[in-house]
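Working notes, beginning with the structure itself.
The values are calculated or read from the model by the stated rules, or taken from the named source; none is laboratory data. Predicted, not measured: the structure shown is a model, and the values here were computed from it. Counting neighbours? That spans all protein chains shown, and the Cβs are built from the backbone with ideal geometry, glycine included.
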Amino acid sequence: MKNFKLSYLYVVALVVIASACKKEEEVPRGEYAVGVVVVNEGNFFDADGTFGFFDPPTKEVAQDIYQNVNNETVPGAFQSIFTFDGKSYLVDQAGHKIVVVEAETFEYIGTISGGLSTPRYMTIANGKGYVSNWGDWVESGGLWTLPNSYIAVIDLTSFTVINTLNTSDGVEGLTTIDNQVYAATAYSTKVHVINPTNDEIVGGYDTPFGPSQFVEDGNGRLWVLCSNNLVKIDITGERILNTFEIAGGARSITVNGDGSKIYYLSTPWGVPAEIYVIDNSATFAPQEALITGDSFYGLGVNPDDETIYVGISNPTSNGTIVRYNSDGTELDNFASGRFPNSFEFRK
């Protein structure tokens, strides 16, 4: 019995020591690890974009978190943010650069600058970064076009462009599914499919004009937001399943937590903006908007509780974020920077 008690005490002591060591090894998470990052695009010519942060439980708001952390501003018109492997990539279309920060603290790491021309969005595949670039505007036949669009391939260690892939005009949204990169080209009717092993365009889909953004639903279907249409693609069978006609001026698309509902924002010229929701099994487009309002600029849906975040722009001053329940009833609002265009939900 004495030996049993001694053995028991020895085991308990080992467990306590191991637990203490584990606690000592835990690294505290950064101030911006959990919450909502707001991408404030800013005015293109003023390059006054910023990143805000909202904490839903306390409703505390921090403006320009990059400056708060690094004690300096970073000028730019920020189209998007992409976070991967502990780093956030801040895509600045006006400055032709990507600013890299620690994701949870927003401390500056480095800048990707050479080889970018009006960068828009980013994704990761096969250990490399892929960045859509509009390139330069070119006047042709009295119209301004984007014939020099391309995707820049980024070495994520050296922060350098190592390859470029020419695309159709106005390459925009990017996403990676099953180790293939999908690229929407907003000034054409093409969705490109890229093999990241050899960095070649290996196929694609023809859609109505203006494919710009993607989401993947809970059934693995790819939804493409076009100028006046919503397209549902079976990427396994490599075929378009449905093409829905929707309100004009389609601007943003997102999905809820389990991928059962797709939300999209349409901003037709001269009339109030509209936010619609469609089930992933729907066979026709919704006829009534969930939310209607003026100056809607950005859309996001919290995957945890389906709270809807809407960025409202003000051309001459800072914007506002309005939050709604999933049924479209308004919850509250808070201040943002100029032209809030998107949200990143962190947990």
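Looking only at residues in region 24-53 that are acidic (Asp, Glu) and exposed (fewer than 15 other Cβ atoms within 10 Å of the Cβ), which one is nearest to PHE334 (Cα to Cα)?
Per the stated criteria, the residue is ASP46.
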Would you mind finding the one in SER158, SER168 that is in a loop (DSSP other than H, G, I, E, B), farther than 21 Å from SER88 by Cα, at pLDDT 95 or above and among the small types (Gly, Ala, Ser)?
SER168
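For every residue, the table says whether it meets (1) under 15 Å from SER266 (Cβ atoms); (2) hydroxyl-bearing (Ser, Thr, Tyr); (3) surrounded by fewer than 21 Cβ atoms within 10 Å (Cβ to Cβ); (4) modelled with pLDDT of 95 or more.
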residue: ILE177; (1), (2), (3), (4): no, no, yes, yes
residue: THR185; (1), (2), (3), (4): no, yes, no, yes
residue: HIS192; (1), (2), (3), (4): no, no, no, yes
residue: THR197; (1), (2), (3), (4): no, yes, yes, yes
residue: ILE201; (1), (2), (3), (4): no, no, yes, yes
residue: THR207; (1), (2), (3), (4): no, yes, no, yes
residue: GLN213; (1), (2), (3), (4): yes, no, no, yes
residue: GLU216; (1), (2), (3), (4): no, no, yes, yes
Is it the case that some residue within region 137-149 is part of a strand (DSSP E or B), buried (at least 19 other Cβ atoms within 10 Å of the Cβ) and modelled with pLDDT of 95 or more?
no
Pull out all pairs, ordered by first then second residue, where Cβ-Cβ is under 8 Å, the residues are six or more apart or on different chains, the first lies in region 103-126 and is of a type in the set (Lys, Arg), and the second is buried (at least 16 other Cβ atoms within 10 Å of the Cβ) and assigned to a loop (DSSP other than H, G, I, E, B).
ARG120/GLN93; ARG120/TRP134
Answer yes if at least one residue in region 326-346 is in contact with an Asp or Glu (Cβ under 8 Å, 6 or more places away or on another chain), surrounded by 16 or more Cβ atoms within 10 Å (Cβ to Cβ), modelled with pLDDT of 95 or more and over 15 Å from VAL39 (Cα atoms), and no otherwise.
yes
Going through region 328-343 one residue at a time, which ones are in contact (Cβ under 8 Å) with a residue 24 or more places away in the chain and of a type outside the set (A, V, I, L, M)?
GLY328, ASP332, PHE334, SER336, GLY337, ARG338, PHE339, PRO340, ASN341, SER342, PHE343
What number goes with the only condition from (1) surrounded by fewer than 19 Cβ atoms within 10 Å (Cβ to Cβ); (2) more than 13 Å from SER326 (Cβ to Cβ); (3) within 19 Å of the chain's Cα centre (by Cα) that ASP304 does not pass?
(2)
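Yes or no, residue by residue, for (1) of a type in the set (A, V, I, L, M, F, W, C); (2) touching a residue at least 12 places away in the same chain (Cβ under 8 Å); (3) in contact with a helix residue (DSSP H, G or I) (Cβ under 8 Å, 6 or more places away or on another chain); (4) under 23 Å from ARG323 (Cβ atoms):
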site: PRO196; (1), (2), (3), (4): no, yes, no, no
site: GLY203; (1), (2), (3), (4): no, yes, no, no
site: ILE235; (1), (2), (3), (4): yes, yes, no, no
site: THR267; (1), (2), (3), (4): no, yes, no, yes
site: GLN287; (1), (2), (3), (4): no, no, no, no
site: THR292; (1), (2), (3), (4): no, yes, no, yes
Does region 24-44 contain any residue that is at pLDDT below 95 and assigned to a helix (DSSP H, G or I)?
yes
How many residues are among the acidic types (Asp, Glu) and within 13 Å of PRO56 (Cα to Cα) if we restrict to region 303-337?
4
Consider region 166-222. How many of its residues are closer than 24 Å to VAL138 by Cβ, touching a Pro at 6+ places or on another chain (Cβ under 7 Å) and of a type in the set (A, V, I, L, M, F, W, C)?
3
Let me confirm something: among ILE253, ILE194, ILE262, ILE233, which residue is of a type in the set (A, V, I, L, M, F, W, C), touching a Leu at 6+ places or on another chain (Cβ under 7 Å) and under 28 Å from PRO340 (Cβ atoms)?
ILE253
The number of residues in region 279-299 that are among the aromatic types (Phe, Trp, Tyr) and surrounded by 15 or more Cβ atoms within 10 Å (Cβ to Cβ) is 2
Quick check on this structure: which one of ASP64, ASP85 is within 20 Å of LEU299 (Cα to Cα) and at pLDDT 95 or above?
ASP64
Out of all the residues in region 244-260, which are under 17 Å from the mean Cα position of the chain (by Cα) and outside any loop (DSSP other than H, G, I, E, B)?
ALA250, ARG251, SER252, ILE253, THR254, VAL255
For region 180-224, the count of residues that are at positive phi and within 19 Å of the chain's Cα centre (by Cα) equals 2
Residues (in a loop (DSSP other than H, G, I, E, B), farther than 15 Å from ASN40 by Cβ and not β-branched (Val, Ile, Thr)) located in region 314-337
ASN325, SER326, ASP327, GLY328
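Are any residues in region 73-101 polar (S, T, N, Q) and assigned to a loop (DSSP other than H, G, I, E, B), and if so, which ones?
Residues satisfying the conditions are THR73, GLN93.
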